[in-house]
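The structure appears below as C-alpha cells.
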Amino acid sequence: MTVAVIQFGGSNCDRDAVRALRFLDIAAERIWHEDGLPADTSGIMLPGGFSYGDYLRAGAMAARSPIMGEVRDAAADGVPVLGVCNGAQVGCEAGLTDGAFTTNKRARFQCESVFLRVERSDTPWTGAFAVGDVIEVPIAHGEGRFEIDADRYEQLEANDRVLFRYCDADGTLTDAANPNGSTGNVAGILGERDSVAVLMPHPERATLPDVGGTDGQPILQAFGEQATR
Amino acid sequence: MTAYTATVTVRLKHGVLDPEAETTRQALERLGFELSALRSADRFEIDLEAADAADAEARAESMAERLLANPTIHDYEVSAAPANEGQ
C-alpha cells in the first residue's frame, strides 16, 4: 500500500510531497510517469511543478501522457487522487475535474500564503475540518485562475463540488482575498467522486512544522485513512 | 493523398479574461500607440497527407478538440489548403 506521487519531466514538488506524506507515516514513493502505477498503489498524488515546461497550457502535456489513463481508471475504482498546483492543472486538463486553471488575473506569478474556507467537511480530504473553517496554506503559481462557464459553474455548485475557496482571515469571500481572480474564489474542487480532488494551494508545504504551518496535514492524512479503510 | 497544410487558430472564448493580452496592450500604449483593444491567439500550422481538404480539416479539428484547444476556455477555427501553394 503506497501513495504514488507521479513525477513528470518538470515536476518539482514531488520530493516535498513524498516527504510530507512520510512525515504523516503514510507510505509514499515517487513514480516516474513512464513506469506506470505500482500494483500496490493505494493513492495517487499529482504534484506541483512545471511539467513539460508548461508548453501549450499548464498541465496539457502531462494530462495526455499514458499514465493518466491508469490514473483515470484508478480514480473510477475509488483510489484517492489529489492534484496540487500543476497537478491540479493536469487534473482539469485530463478531465478528472471540471473547469480550467489559467493565467492569474494580474498576469503575475504569485508566491504567498493564503486563507482557504472549507466548503465541505464530509469528504476524505476535509473530514478533520468543519464547514466554514479557515486554514492557511501557501500558493505558488502563475496560472491558477479557476475558469469555467456560467452554466457549468452553476452545476458545480449545485453538485457541491467546491472544496475550498479563497477567503480573508475571517472566512469572508472577498475580491481582495482572491489572489488570482478565480471564478467564485474557487481554490479547489472535487471530481465526480469525492475521492478525487484538485487544488492550487500546496498542503504539502503546510505539513512539516519546521517550514511553516501545519494546516495542510489533515488534507494529506486522507491518504492514510483511506488506505486502511 | 495530397500534401495539405491545416491551420488551427485557438483563441480565448469571448468574455474570458486575457491578462497577457491586457499586459501587451498596456505595453503598446506605453510605447505611444493608440488602440482600443487587443486580443491574442495561437496559430498552429500542421503539414499532413490527406485525401482532400475536408479530410485534412477534419483531422486538424480532431487535434484541436483533443489537445490544441481547451474547450473550457477556447474557441478554435480550422482551415486547410494544399501545401506549398504558389511554389
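The values are calculated or read from the model by the stated rules, or taken from the named source; none is laboratory data. Here the structure is a predicted model, which means the values were calculated and not measured. Here the Cβ positions follow ideal geometry from the backbone for every residue, glycine too, while neighbour counts run over all protein chains shown. We work out accessible area using only protein heavy atoms, side chains counted, and drop any ligands, DNA or RNA first. Shrake-Rupley method; radii C 1.70, N 1.55, O 1.52, S 1.80 Å.
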note: chain B, Cα-Cα separations exceeding 23 Å make up a percent value of 39 percent
Here the residues of the range B:3-49 whose accessible area is at least 50 Å² smaller with all protein chains than in the chain alone (probe 1.4 Å) are B:L17, B:P19
Taking the convex hull of the alpha-carbon atoms of the protein assembly as shown and averaging its shadow over every direction gives an area in square nanometres of 19.5 nm²
For the range B:2-82, the percent of accessible surface on carbon and sulfur atoms (probe 1.4 angstrom, ligands and nucleic acids excluded) is 49 percent
In whole percent, the fraction of accessible protein surface over the range A:158-229 that belongs to carbon or sulfur atoms, probe radius 1.4 Å, stands at 43 percent
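Roughly how large is the A-B contact in terms of buried accessible area, totalled over both chains, probe 1.4 Å, nearest 100 Å²?
1200 Å²
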Per its Cα gyration tensor (rounded if a/c is under 1.5, else prolate when a/b beats b/c, else oblate), the range A:1-86 is best filed as oblate
Distance in nm between A:T174 and A:E157 label points, each 7 Å along Cα→Cβ, equals 2.1 nm
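Please give the per residue volume of the convex hull enclosing the alpha carbon atoms of the range A:49-142, rounded to a whole number of Å³.
Dividing the Cα hull volume of the range A:49-142 by its residues yields 111 Å³.
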With a Förster distance of 25 angstrom and the Cβ-Cβ distance between B:R43 and B:T2, calculated FRET efficiency to the nearest 0.05 equals 0.70
Over chain A, the sum of -39500 (n - 2.57) across DSSP H runs of at least four, divided by residue number and rounded to 500 deg cm²/dmol, gives at 222 nm -6500 deg cm²/dmol
Env charge @ A:D77, Cβ radius under 12 Å, K,R +1 / D,E -1, value 0
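Could you work out the mean projected area of the convex hull around the alpha carbons of the range A:131-211, in square nanometres to one decimal?
Details: hull surface 24.4 nm².
Reported value for the Cα convex hull: 6.1 nm².
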Taking Lys and Arg as +1 and Asp and Glu as -1, residues besides A:G184 with C-beta under 15 Å from its C-beta add up to -2
Result for the protein assembly as shown: accessible area per residue, probe 1.4 angstrom, in square angstrom, of 47 Å²
Out of A:I139, A:I31, A:I44, a Gaussian network model of chain A with alpha-carbon springs under 10 Å gives the largest mean-square fluctuation to A:I31
